[in-house]
1. Conditions: (1) within 19 Å of residue 229 (Cα to Cα); (2) part of a helix (DSSP H, G or I); (3) at pLDDT 95 or above. Residue 95 meets all but one. Number of the miss?
2. Name every residue in segment 213-233 that is over 17 Å from residue 138 (Cβ atoms) and under 15 Å from the mean Cα position of the chain (by Cα), in order of residue number.
3. Kindly indicate whether any position in segment 76-87 is under 12 Å from the mean Cα position of the chain (by Cα) and either assigned to a helix (DSSP H, G or I) or within 28 Å of residue 272 (Cα to Cα) (or both).
4. Identify all residues within segment 98-124 that are free of Cβ contacts under 8 Å to residues at least 12 places away in the same chain and in a helix (DSSP H, G or I); write none if there are none.
5. Could you tell me which of the residues 217, 234 is at pLDDT 95 or above, exposed (fewer than 14 other Cβ atoms within 10 Å of the Cβ) and either in contact with a strand residue (DSSP E or B) (Cβ under 9 Å, 6 or more places away or on another chain) or closer than 17 Å to residue 150 by Cα (or both)?
6. Sort out which residues of segment 59-88 are at pLDDT 80 or above and under 18 Å from residue 45 (Cα atoms), and write them in order of number.
7. Give me the helices (runs of 4 or more DSSP H) completely within segment 216-271, filtered to those with at least 3 residues that are within 16 Å of the ligand (Cβ to nearest atom) and over 14 Å from residue 134 (Cβ atoms), ordered by residue number.
8. Identify all residues within segment 200-215 that are under 20 Å from residue 22 (Cα atoms), more than 13 Å from the ligand (Cβ to nearest atom) and either in a helix (DSSP H, G or I) or without any contact (Cβ under 8 Å) to a residue 60 or more places away in the chain (or both); write none if there are none.
Ligand SMILES: [Fe+2]
């Protein structure tokens, strides 16, 4: 049985107010929120970005450690933040900062194995989105951030209700329940709706909000936008074994490749086992 304790004392909110399930959500790290606001500007002041990160030595050290880890597979080691900004560019620094900030946000829940799998699924989707974007000739840094943030609603729910969400995952896996429906049953919102609400309160472009809100929707036209690329990355993560719950009839890698436009498919030269091994190695470095 799904733990329904959470629901008993709660009522569905009126429109435009926070979904009750997200009420009093632990905040994102302050430095990360301020950085996001700065980096969201059209032409951010690079020296201000460096100053802001350097003013938070613990965060700065952790950002640098992660920048140099296999997760980001950089070709050169970065020693200081100003060096990182010059060598990597602001877009890459933004990807690294968002990963660090989101990782810090979910860290308290990661001692639970099934919740750690959710975080690994987010990282796998981000890394795959980056690779798919190169094949699709789309912006790889935007794709990475979109892939990472696509399930921000799920991460928020599992941070707020780790026991209930772990229970939800166990029950959904055992009975092959649809995860989105089960989330709505328990929390009155699914992780796409929860994520859309959260994204509306953060300084990200509307394109990313569309990804978060619609990354599980079946495409209804022939365009291939960022939301479709992220849906493909999400499905590919599942097909490669990074699904948050085991599926009775799992997606096949070859089946997911058919999501790609023909020209992009011709440019995507990865063997399934090699890709799985690379993604696995990179996300395991998170610890
Ligand atoms: Fe999702």
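The values are calculated or read from the model by the stated rules, or taken from the named source; none is laboratory data. Source: prediction; values computed, not measured. So basically every Cβ, Gly included, is an ideal-geometry build from the backbone, and we count neighbours across all protein chains shown.
1. The one condition residue 95 does not meet is (3).
2. If the condition is that a residue be over 17 Å from residue 138 (Cβ atoms) and under 15 Å from the mean Cα position of the chain (by Cα), then 213, 216 are the ones that fit.
3. no
4. 107, 113, 116
5. On the way: 234 fails: exposed (fewer than 14 other Cβ atoms within 10 Å of the Cβ).
When all the criteria are applied, what remains is 217.
6. Result: 60, single match.
7. Hits in segment 216-271: 226-237.
8. Result: 200, 201, 208, 209, 210.
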